[in-house]
1. Can you tell me which residue is nearest to residue 557 (Cα to Cα) among those in the stretch 582-602 that are among the small types (Gly, Ala, Ser) and crowded, with 17+ Cβ neighbours inside 10 Å?
2. Would you be able to say whether some residue in the stretch 23-40 is within 27 Å of residue 392 (Cα to Cα) and surrounded by 20 or more Cβ atoms within 10 Å (Cβ to Cβ)?
3. Find all pairs meeting these conditions: Cβ atoms under 6 angstrom apart; at least six residues apart or on different chains; first residue within the stretch 381-395 and within 15 Å of residue 98 (Cα to Cα); second residue in a helix (DSSP H, G or I).
4. Consider only pairs whose beta carbons are under 6 Å apart and that are at least six residues apart or on different chains; among these, list those whose first residue lies in the stretch 168-181 and is open to solvent by less than 10 Å² (accessible area, probe 1.4 Å) and whose second residue is more than 16 Å from the ligand (Cβ to nearest atom) and in a helix (DSSP H, G or I).
5. Do you know which residues across the stretch 418-442 are more than 19 Å from residue 170 (Cα to Cα), of a type outside the set (Asp, Glu) and either away from the ligand (no atom under 16 Å from the Cβ) or not in a helix (DSSP H, G or I) (or both)?
6. May I ask you to list the residues in the stretch 71-127 that are within 16 Å of the ligand (Cβ to nearest atom) and in contact with a helix residue (DSSP H, G or I) (Cβ under 8 Å, 6 or more places away or on another chain)?
7. Looking for whichever is of a type in the set (D, E, K, R), touching a strand residue (DSSP E or B) at 6+ places or on another chain (Cβ under 8 Å) and away from the ligand (no atom under 16 Å from the Cβ) here; the options are 377, 340, 301. Which one fits?
8. On the basis of being of a type outside the set (Lys, Arg), free of Cβ contacts under 8 Å to residues at least 40 places away in the same chain and within 14 Å of the ligand (Cβ to nearest atom), does residue 464 make the cut?
Amino acid sequence: MKTYILDNEIKIFSYGEPIETEGTIKLNRKETFFEDELNVKYTNDKSSFSFKLREEDLVYGFGANLGGINKKGRTYKSYCTDDASHTEDKNALYGAHNFFMIIGDTCKGYFIDFPSEILYDVGFTDNSIFSVDIDGEDFEVYIIEGENPQVIISKFHQIIGTPYIPPKWGFGYFQSRWGYKNENEVREIYEKFKENEIPIDGIFLDLDYMEDFKDFTVSEERFGNLKELSSDLKNQGVHLVPIIDAGVKIEEGYDIYEEGIKGDHFCKDENGKPYIAAVWPGKVHFPDFMKEDTQRWFGLKYKVLTDLGIEGFWNDMNEPAIFYDETALNDAIESAYLSKGENLDAHTYFKLKDKFTQLSNKDQYYQSFYHELKEGKKKNHDVHNLYGYYMTKAAYIGLETLLERKRFLLISRASIIGMHKYAGIWTGDNSSWWSHLELNVRMMPSLNMCGFYYTGADTGGFGGECTGELLVRWMQFSVFTPLLRNHSAIGSKVQEPFSFEENTKERSKELIKSRYMLIPYLYSEYMKSISEKKLMFSPLTFEFPDKKLSDIEDQLILGSIMLTPVYFKNKKGRYVTLPQDMLEISFSENNIKTNLKREGIHYMDYSLDELKFYLRENSMLPYVEPSQNVKSMNIETLKVIGYIKDKARYDLYDDDGISLDIKEKYCTHIKVEYQNTDWVIDVKNTNPNIKEIEFYLYDSEGSLSQRTIKIK
Ligand code: MIG
């Protein structure tokens, strides 16, 4: 074991010969000597250590996983997994986010830099023990001390680097569906948005735009005029966002396949031949994204689509997901043949059935193909969690060249900490279940802790049947998430806002408009959170350090406001804990209603016809008039609601929203003070697009004064 110290006092314990994961940025580490405070034990090439948990300790972290904000009482697995059934008994999803904090008498954060499987038992087997089992002996643990979770998070974010910044249009509303068959259908969908005057910034293209699911091809028959479609839509401020899958179809004459073979870009099996698995296109090879050559090659292939004017992409199936491989499939078929006509006992029947139903994503597949790293040849299993990362990094370096440092939209399904620098993530194949709306709410802070800010869930749910009520309740939450995408699976009930009853359509429309009114604020909060290295979505107790608040996981703080989503059906409201007096706001284009609410626990009405949240004391919320898309957003008249007992301050951040290298950062510093019975407003503004600010100021008694300030 070697130990190091970083400039910001983070200790590093380095065991064996760790693989370079790019989980942190290049750091100035000084070798020094520390006792092994983890007391690592080794058995059969695995390592483990554990912590004592006390009843009152809180555990936070693990990013894209189940289990809510406080992670105690569960097991977690870090192993990027394509499992479309996010049920309570699962312990792994698509991301492997190995950062956690134990908060009690002392506060410590831990980041385990390791690319293969890690199992966490957080007081599940024994409520006083938190154990960590690492499937290997070569890894690093960063130990971060700080007086509270925010200090730990900010130190951690210093070492993992700045998160991905999407273009500002990435904050618009996106419509998606696995199943938009052809250009006409995409145009029709857009027309319906226009007809209904529902704002929109993008339509996602799923598998069907490709020819036989081949990456970087476009179906001549169904999307023969994609360039025209993309430019027609872009002229109206709407972007197309096509999907790219990890597997490359094996097919003579298909350029990507042929170049991949020629350039030696594919992962190998144990015999050194390109590994064959089956996914959407049938048999595929997986690019070995861990090779820099392959990253450059694959990344520049996005040109096929950027040439059509496309500037947004989603990288899918990059755990990588595998439907089957030939050996396992043949074994299943063989067993079925042998069983034909037999009187199978239950045991034999279940074994046979499992051979088919458990054919996807078997452990054995990930043991049977290899990558070439700087450190030598490694089994996929041993570096498994880096696959989605390197695919997405490949896309990033390609796009950064192809689009000449213009920002692009990029989201990935699989991820590890480190990937947050290059892209956002969506949370994968959830279902149209109320519990998945709740999951979405409770996952947001954990995602931020692990560096993922540009993120959101498939609003309305991917699988299953969404009701109008669920869609509206979901949107009441996801209008605040940086990625706002309604996406659903082929075969499920259609889910665009206008595919529901009239009232759901109208409610969705109002909510989407409210989203557009809040984009300047959300963008500002996003950019300030990542630059100040703090959460965008915080648990209540991070902002109001009262132990009693630590079990509230369904109220989140987003800058000046507190969100209180309703995530059960047939509800007219919910209980809300107000840690201080707050201004209740029912937000909409035409009628913003406010109500001063005193500290305490109250039952609050929250109907399907409104967007409700709470403005914190001595805080301000800026907003604008809604627009049809981000391109046509007009911030000449900025409006600000304030709830101010004595004084408040808000800094509205802005920039051009399109360049990767931000040259000009605009800031509108707004200071409002209540002095001798009157309001004193002080604005320092560098944003050339703002001409006036309309203030709606509520004092400690909730009475309103209105002021308008012209900006010179
Ligand atoms: O095996 O491309 O998570 O968003 O619609 C399913 C089809 C593959 C999984 C993605 C989902 C996408 C779907 N994909």
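1. Initial filter on the stretch 582-602 (among the small types (Gly, Ala, Ser)): 586, 588, 600.
Still in the list and also crowded, with 17+ Cβ neighbours inside 10 Å: 586, 588.
Working: 586: 17, 588: 20 Å.
The residue in question is 586.
2. yes
3. Qualifying pairs under 6 Å: 384/366; 389/419.
4. Listed by first residue and then by second, the contacts come to 171/519; 171/522; 171/523; 173/512.
5. Selection gives 418, 430, 431, 432, 433, 434, 435, 437, 441, 442.
6. So the first thing to find is which residues in the stretch 71-127 are within 16 Å of the ligand (Cβ to nearest atom), and the list is 80-86, 90, 92-95.
Correct list: 80, 86, 94.
7. Just one listed residue meets the conditions, 377.
8. Taking the combined requirement at face value, the residue satisfies it.
The values are calculated or read from the model by the stated rules, or taken from the named source; none is laboratory data. All of these numbers come straight from a predicted model, not from anything done at the bench. Reconstructed Cβ throughout: ideal geometry from the backbone, glycine too, with neighbour counts over all protein chains shown. Surface accessibility is based on the protein's heavy atoms, side chains included, excluding ligands, DNA and RNA. Shrake-Rupley method; radii C 1.70, N 1.55, O 1.52, S 1.80 Å.
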